[in-house]
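Input: a single structure, listed below in structure tokens.
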Amino acid sequence: MTAKGRLLGVDYGAVRVGLAVCDSERIIASPLTIYHRRDGERDADYFKELVRSEQIVGLVVGLPVHMSGEEGGKAKEARAFGDRLASVTGLPVVYWDERYTTADAESHLRSAGLSLQQRKERLDKVAAQILLQAYLDATK
């Protein structure tokens, strides 16, 4: 992966995908949106356009691993999704351990005093932000 440029953090889900981006210097991650999956073709079109409009140079896909560090079925699904994104966008992909990101996101949103509905509307993109920020911090 190149040393500079914006990255897209991807919190994979079978129905919803949380997305976050970082600045071109890769200092800080920000939540972007939650994408509701449709079908293979529309998903590919969405991500190609997103990569173009946000000037993304690489993908960081969350890898849901077990507490033991072993990969299970969800990790295989996340890898397949990340491989598909890499194929349709032509960008490099890095898989990053996403243990605790959803719990951390829920805790932050609860601490902010948001209602259950407000938390649900933001959870996946905040989890993607936490995932991407962890990657940025670890690679500095």
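The values are calculated or read from the model by the stated rules, or taken from the named source; none is laboratory data. Note that the coordinates shown come from a computational prediction; the quantities given were computed from them, not determined experimentally. All Cβ positions, glycine included, derive from the backbone under ideal geometry; neighbour counts span all protein chains shown. Note: areas computed on protein heavy atoms with side chains; ligands, DNA, RNA excluded. Shrake-Rupley method; radii C 1.70, N 1.55, O 1.52, S 1.80 Å.
Side notes on the structure shown:
- Here r is the Cβ-Cβ distance between Ala112 and Ala138 and R0 is 25 Å; the resulting FRET efficiency, rounded to 0.05, is 0.50.
- For Val65, residues with placed amide H under 5 Å, excluding near neighbours: Glu98, Arg99
- At the residue level, Met1 shows approximately 90 square angstrom of accessible surface with a 1.4 angstrom probe and all protein chains present.
- Heavy-atom accessible surface of the chain: percent carbon and sulfur, 1.4 Å: 51 percent
- Segment Ala14-Lys120, length gained on full extension (0.36 nm per residue, minus Cα span): 36.6 nm
- Heavy atoms of Ser87 accessible to a 1.4 Å probe, total area in Å² rounded to 10: 90 Å²
- Compactness of the chain, expressed as Rg and Dmax over alpha-carbon positions, Å: 14.2, 40
- Local electrostatic count at Ser24 - Lys and Arg +1, Asp and Glu -1, tallied over other residues with Cβ under 9 Å: +1
- Residue-normalised accessible area of the chain, given per residue in Å² at a 1.4 Å probe: 53 Å²
- Here the Karplus relation 6.51 cos²θ - 1.76 cosθ + 1.60, evaluated at θ = phi - 60°, turns the backbone of segment 27-41 into coupling constants of 9, 9, 9, 10, x, 10, 6, 10, 9, 8, 4, 10, 9, x, 5 Hz, with x for every Gly and Pro.
- Accessible area per residue (1.4 Å probe, heavy atoms of protein chains only) ranks Thr139, Thr101 as Thr139, Thr101, with the largest value leading.
- Stretchable slack from Asp97 to Arg37, in nm (0.36 nm times residue separation minus alpha-carbon distance): 19.4 nm
- Ignoring lysines fewer than eight residues from Lys74 along the same chain, the ones with Cα atoms less than 23 angstrom from its Cα are Lys120, Lys125.
- Backbone amide hydrogens, once placed in the peptide plane, bring Val60 within less than 5 Å of Leu8, Gly9, Val10, Val94, excluding anything fewer than 5 places away on its chain.
- Those residues of segment 71-99 whose amide nitrogen sits under 19 Å from the label point placed on Ala44, 7 Å along Cα→Cβ: 78-93
- The chain: antiparallel DSSP beta bridges as a percent of all, rounded to 5: 55 percent
- When peptides 14-23, 89-98, 68-77 are sorted by average Cβ neighbour count within 10 Å, with the highest value leading, the order is 14-23, 89-98, 68-77.
- Qualifying lysines (Cα of each under 17 Å from Cα of Lys140; at least 8 residues distant if same chain): Lys4
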